[in-house]
Amino acid sequence: MIRWHALCLGVVLSLLMFWPVHAQAPQVQQISLLRTTEGLLLSARMGLQPAAVVEDALYKAVPLYFVWHADVYRARWYWTDKRVATATRTLRLAYQPLTRRWRVSLSNDMAAAAGGAGLQYALHQNFDSLNEALAGVGRVARWRLADAARLEPGADHEVEFSFRLDLTLLPRPFQIGMANQAEWNVEVRQTLRVPERIEPDKAADHATGVHAVELTGEASVSEPTR
């Protein structure tokens, strides 16, 4: 009997060694929509726990690109839903070996050039640890998805939202074969119903123009790079 149990344990351990590794999707810790007289705002917080192979690439100074994307649709009973607005923001996460700090750069470009080289960044922030940098990448506050004029009064609207690690923006050598590696598939998708009620926008900061970023750390705003 003991030998039989030992044999079964050996088979189970062998299977676990070859069991496919599944990516751990970002944990949605908080997500909400706010409809104001100015527009539709999204606030969200994602918990990121990258796989060991992803962390290893980061520590080797390979930049990673995380993309927030949202499409706003208006329901139509006579046809397919109409897309009334689209919003995209890309966050570049990179390790700086000389300073041993992490740098997060924000781009609001709707279309990125191959390899991410053509992205224009409007905001940069530095962090002392990877966990702090990941918290900054996985958080957005009061991100404007659509102006109020694009939301038809009395109509039903919804938001198709996604947050993902965009492998197409990685340097070309790192893209080969990654699509089939589960550790690199970091993505979450949700559909959110737009509130019908318009709330007062008490917390808006119209002075800075970057109130929707809300990243903690040392920040420096710069002109877009050419």
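Give, as a single signed number, the net charge of other residues whose beta carbon lies under 11 Å from the beta carbon of residue 162, with Lys and Arg counted +1 and Asp and Glu -1. Please list the in-between numbers first.
Numbers: positive: 164, 189; negative: 71, 160, 166, 187.
Value of the local net charge: -2.
Sequence-distant or interchain residues sharing an amide H contact under 5 Å with residue 120, placed H: which?
Long-range HN contacts for residue 120: 109.
For region 36-90, run through the chymotrypsin sites (Phe, Trp or Tyr not before Pro) and keep only the ones in DSSP coil with at most 16 other Cβ atoms within 10 Å of their Cβ.
Numbers: sites: 59, 65, 66, 68, 73, 77, 78, 79; in loops: 77, 78, 79.
Passing both the DSSP loop test and the Cβ count: 77, 78, 79.
Summarise the accessible area of region 35-189 (1.4 Å probe, protein heavy atoms) by the percent that is carbon and sulfur. Can you show the working numbers first?
Values: 3600 of 7330 Å².
Roughly 49 percent of what the probe reaches on region 35-189 is carbon or sulfur.
Rule-of-thumb check for region 56-107: C-alpha Rg over 2.2 N^0.38 Å?
1.84
Counting every Cα pair in region 80-169, what percent are over 17 Å apart?
Working: 2375 of 4005 pairs.
Of all Cα-Cα distances in region 80-169, 59 percent exceed 17 Å.
If I stretch the segment between residue 158 and residue 80 completely, what's the gain in nm (0.36 nm per residue apart, minus their alpha carbon distance), one decimal? Intermediate values should be presented prior to the final figure.
Numbers: separation 78, 0.36 × 78 = 28.08 nm, distance 1.30 nm.
Gain in length upon complete extension: 26.8 nm.
The values are calculated or read from the model by the stated rules, or taken from the named source; none is laboratory data. Everything numeric here is computed off the predicted structure, so don't read it as measured data. Cβ: placed from backbone, ideal geometry, glycine included. Neighbour counts: every protein chain shown. With ligands, DNA and RNA removed, areas are computed over all heavy atoms of the protein, side chains included. Shrake-Rupley method; radii C 1.70, N 1.55, O 1.52, S 1.80 Å.
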